[in-house]
Amino acid sequence: MAIIFREQTKQFYLHTDNSSYIIELLEGKIPLHAYWGPRLDNMPPLTTWKSSNFMNFNALDIPTSAGGDFQCAGSLPLELPTYGAGDMRQPAFHAQYADGSRITKLEYVGHTITSGKPGLEGLPATYGGAGQVDTLELHLYDALQELSVYLQYSVFPAQDAVTRSVRVVNESDNLVRLLKVASANVDFYDMDADMLHLHGLWARERHVQRVPLTNTATQFGSLRGASSHLHNPFFALLSPDTTETTGDAYGFSLVYSGNFLAEAEKDAFNMVRASIGLGGLDFAWNLNSGDSFQSPEAVLVYAADGIGGMSRRYHRLYRDHLCRGRYQHKERPVLVNNWEATYFQFNEEKLLTIAEKAKALDIDMLVLDDGWFGKRNQDNCSLGDWYVNTEKLPGGLKGLGDKLNAMGMKFGLWFEPEMVSPDSDLYRAHPDWCLHVEGRSRSLSRSQLILDMSRADVQEYVINTVCGVLNSAPIAYVKWDMNRNFSEAGSALLPPEQQQEVAHRYMLGLYRVLETITSRHPEVLFESCAGGGGRYDPGMLYYMPQTWCSDDTDGVERLYIQYGTSMVYPAVSMGSHVSACPNHQVGRTTPFKMRGDVAMSGQFGYELDLSRLSEADLALAKEQVAFYKKYRHVVQWGDMYRLCSPFEEPFAAWEYVAADGNTALLCTYVVAGKPNVGRKRVKLQGLDATAEYKVETDGRVYSGAFLMQVGLAFDRNLDHLSNVTVLTKM
Ligand code: DGJ
């Protein structure tokens, strides 16, 4: 059992293979956050620290539930800080009660420790059975307001991960209005730290930014109805000297796809409070008598071996204990998508021409993107009218699918089921089915509105429509898109006092729809997308094991995006395609080889008109597909090591080491050539120092120790030179 309760000291030890997370009940009542870091099997109770002068720790002038000096509560390390009872920092929990007060005082009343991990009702979450994960549930109670709060912790020892979520039960006869429920809160003692987070915008998602925390509150999140292009629901706190390979890294990742709030507040004592979850502007939830509210799950990972160590732990956890379905551990097909090849201008003949070329290259699947339905020849109409355009596809989806299957190709299809165009039969029939506020104009984005997924009738419509199409044709893959963010986020069915629930109810509705559709169609491989990577989060990965990384397919821009994405998400989840040049997003021309070498660091595919490729590029494409198929298991299931960051120099390098340790792929990319700079030496990681490795391109043999301590050298005098070098253990 990874969780131990010591009755005498009232401490809970949550042990992973390499770390410990320790909670202590102050006076047997208030859960303090005692410790999180490298494994620690014994810790003196916090209350003994002051007398032993173990640490000059103001928090130990402790106010008790019976009263006390409230000014000192402001520096207690708490597991669930609440508002208004002496702690002056940002709370993790905030609620308003029927008497108008906003004070919550929670005390421990009991706990359970169990093997395995229960699911979170209606929400995506990590999972695991007995022997893989253990769970602690702490029951806290506010006697005045008759409110129960359950803190749920699950420990994945092998991945050095602790998950946390919060369940609130209203046991009073009155309404409770929840205003903030952080899924996880960690109070660190006297800490100098940097925050690493992933920010961006459409077409440049998940760029890495590392900033020192100062004595203020740092806050980010989303109000867009999706986790968003702007800020991924993730951050890490790093010691100032932490590098890719050394030092403390504390990761916070939220398994959620909608609005969220992430905070790190450093107080005057240099205590850092870090939290992630629901709250902030425009979140409120009315909890009626007897009802319960389940927060999303936060996944906390500690690594002593730097940022890379943290990332590999997330990759393993999310591959093995978050993603699900038939494709979870299956090598994924190589596909060609027609979006950048044709946009809306295609017909069956054109698609079959691309498919024939693809087949000759040994590509497995053709994905038909936007424009196959209604009268959609541009992006201003027909979302909601999911019936096939027979002018473009005379034999319908089945006709096309059958022809592709007869050629030995699979058929994939694009949908954007959460959306409706004002110019659609669906909107004309149900104008109240979109998010809107009565009396206000409905702001358009890409000429579309958002269906109100909080409504059961809309959920049923989406389930029936998508399943109807999937039943009508041999569809092996779905790209589930979502191309705009919220405005006028109101629901016609909810009363005024519940309108601030809309964003979260939308997510619960969407998750119900995704659960239903994916379980009815286990044979389909699902890839999520939101104008590229606008909803690349663990919540979506629970339903769909891959995500279209970005609408930016430029070989150079993708280095930054994929490098940032790899902070949390494994390569097997990253849709990544070779597109045409000049690139459609940035106008840059990069060699076909480099575009392939970049796309191979993810779910490989093509997104261009193969019938317009030169013979030379077709020959190269054939080699790329064969190479990827031979080595995709290394990328998809291996461990990733980041070696050189494009954010630090115009050169990027990373490496995958196969799960069995027998093969490594070293990927190197020159972003911008420089004269007279000499060769770039790249030191590998994760190899067996005592083994010998053969470099497949030139047959040379080196020891693992040499490759890791001295490295291999690469030219960097020309723009856009790239290599994917195979090393085989001898
Ligand atoms: C946005 C996606 O990211 C693109 O790949 C493409 O599917 C378009 N939507 C289609 O409208």
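The values are calculated or read from the model by the stated rules, or taken from the named source; none is laboratory data. Source: prediction; values computed, not measured. As a convention, Cβ positions derive from the backbone with ideal geometry for all residues, glycine included, and neighbour counts pool all protein chains shown.
Observations
- Index of the failed condition, residue 289 passing every other in (1) at pLDDT 95 or above; (2) over 30 Å from residue 170 (Cα atoms); (3) surrounded by fewer than 23 Cβ atoms within 10 Å (Cβ to Cβ): (2)
- In this entry, residue 126 is excluded by the filter for residues that are in a loop (DSSP other than H, G, I, E, B), hydroxyl-bearing (Ser, Thr, Tyr), surrounded by 19 or more Cβ atoms within 10 Å (Cβ to Cβ) and free of Cβ contacts under 8 Å to residues at least 60 places away in the same chain.
- Qualifying residue in the range 319-332 (condition: within 29 Å of residue 623 (Cα to Cα) and within 16 Å of the ligand (Cβ to nearest atom)): no
- Taken over the range 86-101, the criterion of being small (Gly, Ala, Ser), surrounded by 21 or more Cβ atoms within 10 Å (Cβ to Cβ) and in a loop (DSSP other than H, G, I, E, B) is satisfied by 92 alone.
- Residues that are hydroxyl-bearing (Ser, Thr, Tyr) and free of Cβ contacts under 8 Å to residues at least 12 places away in the same chain were ranked within the range 558-614; the one that is surrounded by the fewest Cβ atoms within 10 Å (Cβ to Cβ) is 614.
- Out of 568, 586, 657, one residue alone is under 20 Å from residue 206 (Cα atoms) and either among the small types (Gly, Ala, Ser) or more than 16 Å from the ligand (Cβ to nearest atom) (or both). It is 568.
- For the range 118-162, the set of residues classified as under 18 Å from residue 541 (Cβ atoms) and out of contact with any helix residue (DSSP H, G or I) (no Cβ under 9 Å at 6 or more places or on another chain) consists of 119, 120, 154, listed by residue number.
- Subset of the range 655-672 [exposed (fewer than 15 other Cβ atoms within 10 Å of the Cβ) and either within 16 Å of residue 711 (Cβ to Cβ) or not charged (D, E, K, R) (or both)]: 659, 672
- Of the residues making up the range 357-392, those that are more than 16 Å from the ligand (Cβ to nearest atom) and under 19 Å from residue 465 (Cα atoms) are 387, 388, 390.
- Comparison of 440, 446 shows that the only residue that is within 16 Å of the ligand (Cβ to nearest atom), basic (Lys, Arg) and at pLDDT 95 or above is 446.
- Unique match (being under 23 Å from residue 13 (Cα atoms) and modelled with pLDDT of 95 or more) among 239, 165: 165
Condition check ((1) surrounded by fewer than 22 Cβ atoms within 10 Å (Cβ to Cβ); (2) in contact with a Pro (Cβ under 9 Å, 6 or more places away or on another chain); (3) under 23 Å from residue 538 (Cα atoms); (4) in contact (Cβ under 8 Å) with a residue 24 or more places away in the chain) across all residues:
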site: 205; (1), (2), (3), (4): no, no, yes, yes
site: 215; (1), (2), (3), (4): yes, no, no, yes
site: 222; (1), (2), (3), (4): no, yes, yes, yes
site: 231; (1), (2), (3), (4): yes, no, yes, yes
site: 243; (1), (2), (3), (4): yes, no, no, yes
site: 250; (1), (2), (3), (4): no, no, yes, yes
site: 261; (1), (2), (3), (4): no, no, yes, yes
site: 265; (1), (2), (3), (4): yes, no, no, yes
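- Restricted to the range 325-427, the set of helices (runs of 4 or more DSSP H) holding at least 3 residues that are crowded, with 18+ Cβ neighbours inside 10 Å and out of contact with any Phe, Trp or Tyr (no Cβ under 6 Å at 6 or more places or on another chain) comprises 339-342, 348-360.
- Filter pass, residue 315 being surrounded by 22 or more Cβ atoms within 10 Å (Cβ to Cβ) and either more than 16 Å from the ligand (Cβ to nearest atom) or more than 17 Å from residue 479 (Cβ to Cβ) (or both): yes
- Residue within the range 25-45 that is surrounded by 13 or more Cβ atoms within 10 Å (Cβ to Cβ), among the acidic types (Asp, Glu) and at pLDDT 95 or above present: no
- Those residues of the range 234-269 which are part of a strand (DSSP E or B) and closer than 19 Å to residue 309 by Cα, in sequence order: 234, 235, 236, 237, 238, 247, 249, 250, 251, 252, 253, 254
- So residue 420, is it away from the ligand (no atom under 16 Å from the Cβ) and free of Cβ contacts under 8 Å to residues at least 60 places away in the same chain: no
- Pairs with Cβ under 7 Å, 6+ apart, first in the range 347-362 and farther than 23 Å from residue 375 by Cα, second of a type in the set (A, V, I, L, M, F, W, C) and part of a loop (DSSP other than H, G, I, E, B): 355/409; 358/409; 359/409
- Scanning the range 63-92 for residues that are among the polar types (S, T, N, Q), at pLDDT 50 or above and either more than 18 Å from residue 268 (Cα to Cα) or in contact with a Gly (Cβ under 7 Å, 6 or more places away or on another chain) (or both) yields a single hit, 82.
- Of the candidates 711, 678, the single residue that is surrounded by fewer than 21 Cβ atoms within 10 Å (Cβ to Cβ), at pLDDT below 95 and farther than 24 Å from residue 573 by Cα is 678.
- Filter result for the condition that a residue is surrounded by fewer than 18 Cβ atoms within 10 Å (Cβ to Cβ) and under 23 Å from residue 40 (Cβ atoms), over 171, 137: 137
- Restricting the search to strands (runs of 3 or more DSSP E) fully inside the range 270-315 and requiring at least 3 residues that are of a type in the set (A, V, I, L, M, F, W, C) gives 272-278, 297-303.
- In the condition set (1) charged (D, E, K, R); (2) crowded, with 24+ Cβ neighbours inside 10 Å; (3) touching a Ser or Thr at 6+ places or on another chain (Cβ under 7 Å), residue 107 is compliant with all but (2).
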